[in-house]
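Working notes, structure below.
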Amino acid sequence: VLWSFTVLVIILVAALALFLHYEGAFVNAALRLLASLNLMRYGSVKKFVRQLAAISKAFARIKSKKQILELLLYSYAIWLAYFAFYYILIKALGITLATPLIVAGITINILAATIPIKGIAALGTYESYWTISFILLGVSKELAIASGFATHIVSLVFAVVLGLYSIVRLRKLF
């Protein structure tokens, strides 16, 4: 499982780098590939192509390679902070997995969260994804469920506090 995720992350980072450097050619190659596989007839593939084209146009508007690199570094810093936050929380909850397995568990949860099935504030679905991913990695069912609720509650509180702070700051600006 760990090797699969490592390879997936490397492929995604390489695809992002290729996309940033050759955005027009990358979109054209993706379109040709999808058309040759006769996948353009599906609505979800058409939506994906529209989104890919929109992203390409947005990157084309950014003129400076320095600006793109800066945005990419900010993005990686945010993801690093995200993983560090959950890593510390998992360790504090008493889950004794190796660091690569914890990273794999968090990654599984992130990927599962892209499934378009959500409840209010993702309650229930988040915990389900979390529980399944950590049970697969060898955590007991009880600890996986408890850690799912704990991490979700902490992240929701964090989001609410930052959201309220942002509203206060924006009202002072305007």
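The values are calculated or read from the model by the stated rules, or taken from the named source; none is laboratory data. Quick caveat, the model's predicted, so the values are computed rather than measured. Ideal geometry is used to build each Cβ from the backbone, glycine not excepted, and the neighbour counts take in all protein chains shown. All accessible areas refer to the heavy atoms of the entire protein, side chains included, with ligands and DNA or RNA removed. Shrake-Rupley method; radii C 1.70, N 1.55, O 1.52, S 1.80 Å.
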Inset, instruction - Considering only the range 105-114, state which residues are in a helix (DSSP H, G or I) and either buried (at least 16 other Cβ atoms within 10 Å of the Cβ) or among the polar types (S, T, N, Q) (or both). - result: Gly105, Ile106, Thr107, Ile108, Asn109, Ala112
Inset, instruction - Go through (1) touching a Lys or Arg at 6+ places or on another chain (Cβ under 8 Å); (2) closer than 16 Å to Tyr86 by Cβ; (3) of a type outside the set (A, V, I, L, M) one by one and return the number of the condition Tyr129 breaks. - result: (1)
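Any residue that is of a type in the set (D, E, K, R) and either within 19 Å of Ile106 (Cβ to Cβ) or surrounded by 13 or more Cβ atoms within 10 Å (Cβ to Cβ) (or both) - is there at least one of those in the range 28-51? Steps first, answer last, please.
Residues of the range 28-51 of a type in the set (D, E, K, R): 32, 41, 46-47, 50.
Remaining after also requiring either within 19 Å of Ile106 (Cβ to Cβ) or surrounded by 13 or more Cβ atoms within 10 Å (Cβ to Cβ) (or both): 46.
Yes, the range 28-51 has at least one match.
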Inset, instruction - Give the residue, chosen from Leu93, Leu123, that is in contact (Cβ under 8 Å) with a residue 12 or more places away in the chain and either of a type in the set (Asp, Glu) or open to solvent by 90 Å² or more (accessible area, probe 1.4 Å) (or both). - result: Leu123
Inset, instruction - Select from the range 130-156 the residues that are out of contact with any helix residue (DSSP H, G or I) (no Cβ under 6 Å at 6 or more places or on another chain) and within 13 Å of Gly94 (Cα to Cα) and list them in ascending order. - result: Val139, Ser140, Glu142, Leu143, Ala146, Ser147, Ala150
Inset, instruction - Name every residue in the range 131-154 that is touching a residue at least 24 places away in the same chain (Cβ under 8 Å) and open to solvent by less than 70 Å² (accessible area, probe 1.4 Å), in order of residue number. - result: Ser133, Phe134, Leu137, Gly138, Val139, Leu143, Ala146, Ser147, Ala150, Thr151, His152, Val154
